[in-house]
Amino acid sequence: MRARTRTGTAHRAVALAVVATLGAGLLAGCADDGGDKSGSSDDSGGGKGKTTVSLGLFGTFGFKEAGLYAEYEKLHPDIKITENVTERNENYYPALLNHLTTGSGLQDIQAVEVGNIAEIVNTQAAKLEDLSKVSGVNKSDFLDWKWAQATTKDSQTIGLGTDVGPMAICYRKDLFKSAGLPTDRDAVGKLWAGSWDKFVTVGQDYKKKAPKGTTFMDSPGGLLNAVLSSEKEKFYDSSGKVIYKTNPAVRAAFDLTAKAAQEGLVGAQTQFQPAWDTTIANVKFAAMACPPWMLGYIKGKSKPAAKGQWDVAVAPKSGNWGGSFLTVPKSGKHVKEAEALAAWLTAPEQQAKLFAVQGSFPSAQAAYTSSEVTGAKNDMTGDAPIGTIFAEAAKASPVQVIGPKDQIIQQGLTDNGVILVTKGKSPEEAWNTATKTIDNNLEQ
């Protein structure tokens, strides 16, 4: 997920910072794996008379790559910005929790991935500043559901959203044409409008005339993630109770995905693994669940001939896959300076710039009318109005209940669950294996 949205798993895409081509994938599941990389290329400490504000990040957020640090330092000559980066969130997050618990070792600004924000809000809010009170921060600038994710029950907002992952469907026009399906994005979207069951039905139609060696969709995990992204409740209820086994929406999504797997509509691959990468390069599937950051992954893994062969259609239902926040620890050395920088980095103007350069889709809805968003294009999808498509999906996404162990549950359902159906297990066997694995990991 980013490389920052399927954190907890080793999935991160190559950063492809290409102006106006929506390059880098920034959500867990979209940056290359690797060891920790602490520090920045210039962490000398700020210089005489300057205040050094440090950021603790994971993966590639793109602030430095998009020139935002340099711009801020030019606007504030008394400030020097450094970043301390851990490549993988599964290494970053446990250390962050430890630092918050002990009150030491924290950077002035600390990033938090969306899959972890509920736990931070519920257990660590007292250690973090209420950023809703910072000058320049306007709640109305942000998507309501994004703002709510980092807000406590007593209305303290401890994180400012950097990006979101609104869901669309990316598809190969050439494969759709060969299978006798429409290729116009509006016509394609109408095929499955309002229903993931309709989406699977389109897969059945695709299979009837599918080009040899191809499946309709890339993977069972991709389908399951997409369906669940559009549900208001999935793994936890609003009281914080784990409900994934009793929530009919979760079981329905699992069973629909298992059906698609049994019928050979999805590839037998686990996303963000080398074998899955190969299916992109060798054009082995026709469609995939596609947040903005996935376009960067597609570009990075495709051969040159794929340029312009992809298009983007509206998903059956709006949903979100990925996103992060910036927080300011109360124990930081430069709290006021950190608050000001966090507010500036997440302001609509800067989010629009980051999207244009780095492909990180704004969580600030006020950015959606900017030229960087409305005029965005991608090498792989030609003239598709990707900024507009993703903006509409972001605005329509449900306010989703996020629990502290969402990632553990989701990974269990995909990597230890529905993938087994492609290997000959029955849906019931796959479900039982997944739930046993998840419950062991949750220590229940």
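All of the numbers you see were taken from the coordinates with simple rules; none came from a lab. Since this is a predicted model, take the numbers as computed values, not measurements. Using ideal geometry, Cβ is built from the backbone for each residue, glycine included, and neighbour counts are taken over all protein chains shown.
Summary table
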item: Extended-chain gain in nm, criterion 0.36 nm per residue less alpha-carbon gap, N440 and A275; result: 56.6 nm
item: Environment charge at K212 (Cβ cut-off 14 Å; Lys +1, Arg +1, Asp -1, Glu -1); result: +3
item: Spin-label model distance (nm) - K153 vs S104, 7 Å beyond Cα toward Cβ; result: 3.3 nm
item: Mean separation of Cα contacts under 8 Å (6+ apart) over length of the range 239-376, as relative contact order %; result: 14 percent
item: Most mobile listed residue (T257, T82, T51) in the chain, GNM with C-alpha springs under 10 Å; result: T51
item: Among S324, S140, S370, residue whose mean-square fluctuation peaks in a GNM of the chain (springs only between Cα atoms under 10 Å); result: S140
item: Cross-link partners of K436 among lysines (Cα-Cα below 26 Å; sequence separation of 8 or more within a chain); result: K232, K234, K241, K245, K259, K405, K423, K425
item: Ascending count of other beta-carbon atoms within 10 Å, so fewest first, for K299, K259; result: K259, K299
item: Cβ-based net charge around Q269, under 12 Å, with every Lys or Arg adding one and every Asp or Glu removing one; result: -1
item: Beta bridges by DSSP in the chain, antiparallel share as percent, to the nearest 5; result: 65 percent
item: Simple spin-label estimate for T123 and Q262 in nanometres, 7 Å along Cα-Cβ; result: 3.9 nm
item: Count of Lys pairs (Cα-Cα under 27 Å; at least 8 positions apart or interchain) in the range 314-399; result: 6
item: Alpha-carbon centroids, the range 305-326 and the range 151-165: separation in whole Å; result: 23 Å
item: In nm, spacing of pseudo-spin labels at K190 and K395 (7 Å Cα→C-beta vector); result: 2.2 nm
item: Segment A95-A252, length gained on full extension (0.36 nm per residue, minus Cα span); result: 52.9 nm
item: Relative contact order for the chain, counting Cα pairs under 8 Å that sit 6 or more residues apart, in percent; result: 25 percent
item: Charge dipole magnitude, Cβ of K and R +1, D and E -1 - the chain, Cα centre, debye nearest 20; result: 900 debye
item: GNM top mover of L295, L326, L96 - the chain, alpha-carbon springs below 10 Å; result: L96
item: Per-peptide average of other Cβ atoms within 10 Å, ordering 337-346, 161-170, 121-130 highest first; result: 161-170, 337-346, 121-130
item: Cα centroid separation, the range 90-139 to the range 392-410 (Å); result: 19 Å
item: FRET E, pair Q309, K241, Förster distance 45 Å, beta-carbon r, rounded to 0.05; result: 0.50
item: Cα-centre dipole for the range 360-444 with unit charges at Cβ (Lys and Arg positive, Asp and Glu negative), debye to 20; result: 60 debye
